Amino acid sequence: KIIILDFGSQTTQLIGRRVRELDTYCEIIPYNKFPKDDSTIKGVILSGSPFSVYDKDAFKVDLSEIRGKYPILGICYGAQYLSYTNGGKVEPAGTREYGRAHLASFCKDNVLLKGVRDGSQVWMSHGDTITAIPDNFKKIASTDKVEIAAYQIEGEQVWGVQFHPEVFHSEDGTQILRNFVVDVCGCKQDWSPASFIESTVAELKAQLGDDKVVLGLSGGVDSSVAAVLLNKAIGKNLTCIFVDHGMLRKNEFKNVMKDYECLGLNVIGVDASEKFFTELAGVAEPEAKRKIIGKGFIDVFDVEAHKIKDVKWLAQGTIYPDCIESLSITGTVIKSHHNVGGLPEKMNLKLCEPLRLLFKDEVRRVGRELGMPEHLITRHPFPGPGLAVRILGDITREKVRILQDADDIFIQGLRDWGLYDKVWQAGVILLPVQSVGVMGDERTYERAVALRAVTSTDAMTADWAHLPYEFMGKVSNDIINKVKGVNRVTYDISSKPPATIEWE
Ligand code: XMP
């Protein structure tokens, strides 16, 4: 495997995904926690960082144990750090270098750059630049703007690149990573969904034996794939619980229960909507709503799980991006995401997370390999608190009904027009606004809704989806004509950042 040492860059996860796309297993580890005595490590990548090497708070680490033992590739800060700590010079770039550049000259015979095309576009994102490298470092590439865009330490398997090969806009970035991972480190590219399933099922059997396991299903991809995987490993010893808090999409509870039954899962469906509507009555503040739903969910789940005798494990569909120890620089909570955190302690259960090493796209590949239906696998992400965070202000059954109907028209429309799989997620937001309209000869004074559809690869950043006008016109018309209580439809054209995907 490859170890990616994380110095806090926003693109560290992307490096991980690219390496996995090369069918090679990798782990992202905080910069100062390199695993000791792991004979499966074949190479190390040093990530970028929001810091400058000379910031007093910059992440610094002694690499002497790693250097010489494994091949190393430093990216951006990683490259600057290697150079700087060996006597090279790093200085603020005259103009901050963001965006595209082109490889103007490079050593075609250097193994790292094999197969890279002349003038290949690379993506820069740095405030600093390497202005001088130590004597034993050899420059191997320059761009039109940056003299030392890549180097190798002479006589060593150590490289540094100033640009970001992991981002989509670096045209030959994947080739460069492949050269490092496969040709330099000798990784065998044998990480596949089928091999993952085989080894995970064997591990789960060994880990769980005859123990009983309970799992919370949400209707989403992650928990569903986790359930099918566990079902394959331990069959009837797995009980799944699907809680309906009343804020799911229209008919979602019924449809998803049917899907789960077809998959042969043992599922208990709990309609707890009354409890949630009662507790949420009159509450308008977004974080307060989230807390009520999070806590209510744990209470309901706890009661149901206690009905199962001798349960020892709580399984969850946690995936890799949720587990990577993040080097948060600011520590601000933007939104408290709803999950079952706190449950295992409360219930005194051991935790089983069979997907904790997978990225989202890998979870989908595993789901397909397990034979799950495509509509379950390609389902858009949906927030745990559901429509509650899409109804701005307080929540009532009537508002949920309006939103479910409008949302259903939008989502079904996306499917009918072949647009569903082109967007990352979509939904409707019920605004706390009424506006005047006219229907026939009647004046109306009804609600406004906003449609939201975004493109994204990981929900960390997102852009509003450029949906065809004809489509939006049709959806708007259908919503206003068919959903009683709505007389105005708007489209949200904010990107993330600075907005977020959900409104609350
Ligand atoms: P934001 O609104 O922060 O959302 O841009 C990013 C992604 O997370 C989803 N989301 C949630 N998912 N529990 C979840 O499991 C939550 O409480 C929650 N809140 C937001 C959101 O739909 C988007 O995909």
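The values are calculated or read from the model by the stated rules, or taken from the named source; none is laboratory data. Keep in mind the model is a prediction, meaning the values are calculated, not measured. Positions of Cβ are generated from backbone atoms using ideal geometry, with glycine treated the same way; all protein chains shown enter the neighbour counts.
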message: Looking at the structure I just gave you, is I298 within 16 Å of the ligand (Cβ to nearest atom) and either under 24 Å from the mean Cα position of the chain (by Cα) or β-branched (V, I, T) (or both)?
response: yes
statement: Flagged in the stretch 371-389 as surrounded by 18 or more Cβ atoms within 10 Å (Cβ to Cβ) and more than 30 Å from K291 (Cβ to Cβ), in numbering order, are M372
query: of a type in the set (A, V, I, L, M, F, W, C) and without any contact (Cβ under 8 Å) to a residue 60 or more places away in the chain - does that describe any residue in the stretch 180-199?
result: no
message: I'd like to verify a number: residues in the stretch 359-379 that are within 15 Å of the ligand (Cβ to nearest atom) and either more than 14 Å from the chain's Cα centre (by Cα) or not assigned by TED's automatic domain parsing to the domain that holds P286 (or both), how many?
response: 2
- prompt: Within the stretch 481-504, can you find the residues that are within 16 Å of D407 (Cβ to Cβ), within 15 Å of the ligand (Cβ to nearest atom) and outside any loop (DSSP other than H, G, I, E, B)?
  reply: none
query: If you check K139, K145, which single one turns out to be in a strand (DSSP E or B) and assigned by TED's automatic domain parsing to the domain that holds Q10?
result: K139
query: Restricting the search to the stretch 121-136, which residues are outside any strand (DSSP E or B) and surrounded by fewer than 19 Cβ atoms within 10 Å (Cβ to Cβ)?
result: P134, D135, N136
message: Test of understanding: among F276, F253, which residue is touching a His at 6+ places or on another chain (Cβ under 9 Å) and of a type outside the set (S, T, N, Q)?
response: F276
First in the stretch 445-464 and in contact (Cβ under 8 Å) with a residue 60 or more places away in the chain, second anywhere and β-branched (V, I, T), Cβ under 7 Å, 6 or more apart: A459/I501
- request: State which residue is nearest to the ligand (Cβ to nearest atom) when the search covers only the stretch 380-393 and only residues that are outside any loop (DSSP other than H, G, I, E, B) and either of a type outside the set (K, R) or over 19 Å from A448 (Cα atoms) (or both).
  value: V389
- prompt: Here are some residues: D478, D458, D421, D463. Which one is surrounded by fewer than 19 Cβ atoms within 10 Å (Cβ to Cβ), assigned to a loop (DSSP other than H, G, I, E, B) and not β-branched (V, I, T)?
  reply: D458
query: Within the stretch 314-324, how many residues turn out to be buried (at least 20 other Cβ atoms within 10 Å of the Cβ), out of contact with any Asp or Glu (no Cβ under 6 Å at 6 or more places or on another chain) and not aliphatic (A, V, I, L, M)?
result: 1
